[in-house]
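One structure, as C-alpha cells, below. Some questions next.
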Amino acid sequence: MNEDLEFLDYCLSFYGEGGMYECGLTPEDLTKAILIRKTFNFATEFEGDSIDREMVRDIALVAKGQEPWGFLPDGTWNGAP
C-alpha cells in the first residue's frame, strides 16, 4: 500500500495541482486510474515507472472525457496541450 501512495505522489508531482504538467487531475482521478492500470496489465505489468505514470495520466484523462496525451489507438502521437 505504501508503494501505491508513493506512486500517487509521483503522479501528482507531474499532473496534479502545481505539478510539472498540471492538467487538472485530482488525487481521486489518479487513484482510480492507478487501480485500473494495476487491474488490467495492458501490454506490460505494472512497475511504477514513467511508462506507468503516463499510462495512468491517459487513463485518468480519458475517464474525464479528455483526449489522452500519449499514443492514440491509431498509432499517432497526441502531445500535451
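Read-outs: derived from the displayed coordinates by stated rules, not from any lab. All values reported here derive from a predicted model rather than from experimental measurement. Note that each Cβ is placed from the backbone with ideal geometry, even for glycine, and that neighbours are counted across all protein chains shown.
Which is farthest toward the positive dipole end of the chain among Cys11, Gly48, Leu61, measuring Cα position about the Cα centre, with Cβ charges +1 (Lys, Arg) and -1 (Asp, Glu)?
In the chain, that residue is Leu61.
Contour minus end-to-end for Glu17 and Thr39, with contour as 0.36 nm per residue of separation and end-to-end as the Cα-Cα distance? Don't jump to the answer; show the numbers that get you there.
On the way: separation 22, 0.36 × 22 = 7.92 nm, distance 2.59 nm.
Computed gain between Glu17 and Thr39 is 5.3 nm.
Please provide three numbers in whole Å: the alpha-carbon extents of the chain along the principal axes, with the largest listed first.
36, 30, 19
Let me ask something else about it. If packing is taken as the average count of other Cβ atoms within 10 Å, what order do 23-36, 41-54 fall into, highest mean first? Walk me through the numbers on the way to the answer.
On the way: 23-36: 17.3, 41-54: 12.9.
Per-residue Cβ counts within 10 Å, averaged per peptide and sorted highest first, yield 23-36, 41-54.
Could you give the dipole magnitude of the chain about its Cα centre, charging the beta-carbon of Lys and Arg +1 and that of Asp and Glu -1, in debye to the nearest 20?
Values: 6 positive and 16 negative charges, 50 e Å.
Magnitude of the dipole: close to 240 debye.
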